[in-house]
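To keep things clear, I will list the structure first and then write my remarks on it.
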Amino acid sequence: QVQLAESGGGLVQAGGSLRLSCVVSGRTLRAYGVGWFRQAPGKEREFVATISWTGATYYADSVKGRFTISRDNAKNTVSLEMNRLKPEDTAIYYCAAKSYTGSSYAPEYDFWGQGTQVTVSS
């Protein structure tokens, strides 16, 4: 069974940066694609970024150029570097894992973390 644990959330001013981490346990990260999603109050969960087992990445238009997803298989960790944060980035951020490929479609993911809160003040 794969378990995911997010960390790194917090309160930051607009224009600031945060780095989220997703640690995978139970299986090696090597054979999994990982996605980051977020859900703001009163809104549906939305796709943020994804990375495949080969390292191929894909981003939502709203974060492209500001966020960077990366993986360190040796540490079983996927990171999301978030720069030039905006108040509209405020949400609970979740990481999720699926076999091999990445995806922007949440139902394709088999395993989910509990989420970490990111709050961006104006």
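The values are calculated or read from the model by the stated rules, or taken from the named source; none is laboratory data. The model shown is predicted, which means the values in this text are computed figures rather than measured ones. Reconstructed Cβ throughout: ideal geometry from the backbone, glycine too, with neighbour counts over all protein chains shown. Ligands, DNA and RNA are stripped out before the accessible areas are found, and what is left, the full protein with its side chains, is counted by its heavy atoms. Shrake-Rupley method; radii C 1.70, N 1.55, O 1.52, S 1.80 Å.
The chymotrypsin sites (Phe, Trp or Tyr not before Pro) of region 5-113 meeting both criteria, a DSSP state outside H, G, I, E and B (loop) and at most 12 other C-beta atoms within 10 angstrom of the site's C-beta, are 100, 105.
Please report the carbon-and-sulfur percent of the accessible area for the chain; probe 1.4 Å, protein heavy atoms only, DNA, RNA and ligands left out. Let's see the in-between values first.
Values: 2980 of 6250 Å².
That fraction is 48 percent.
Of all lysines in the structure, those lying under 21 Å Cα to Cα from residue 43, and not within fewer than 8 positions of it along the same chain, are 64, 86. Normalised per residue, the accessible area of the chain is 51 Å², obtained with a 1.4 Å probe and no contribution from ligands, DNA or RNA. Computed from backbone phi with θ = phi - 60° and the Karplus coefficients 6.51, -1.76 and 1.60, the 3J(HN,Hα) list for region 86-92 is 10, x, 6, 7, 4, 4, 8 Hz; x is used for glycine and proline.
Computed from the Cβ-Cβ distance with R0 of 22 Å, the FRET efficiency linking residue 58 to residue 31 stands at 0.75. On the beta carbon distance between residue 114 and residue 81, with R0 = 30 Å, the FRET formula returns roughly 0.90.
With a cut-off of 14 Å between beta carbons, the residues surrounding residue 17 carry a summed charge of +2, where Lys and Arg count +1 and Asp and Glu -1.
Residue-wise HN-Hα couplings along region 56-73, as the Karplus relation 6.51 cos²θ - 1.76 cosθ + 1.60 with θ = phi - 60° gives them from phi, are 5, 10, 8, 10, 5, 4, 5, 10, 4, x, 10, 9, 9, 9, 8, 9, 10, 5 Hz; Gly and Pro carry x.
Using a 10 angstrom Cβ neighbour count of at most 16 plus a DSSP loop assignment to flag exposed trypsin sites (Lys or Arg not before Pro), which longest range of the chain is free of such sites?
The longest uninterrupted stretch comes out as 85-122.
Of the GluC sites (Glu not before Pro) in region 43-122, the ones in a loop by DSSP (not H, G, I, E or B) with at most 15 other beta carbons within 10 Å are 44. Which entry is the computed Rg and Dmax of the Cα atoms in Å for this structure: [x] 13.6, 46; [y] 14.2, 50; [z] 13.2, 40? Correct label is [z].
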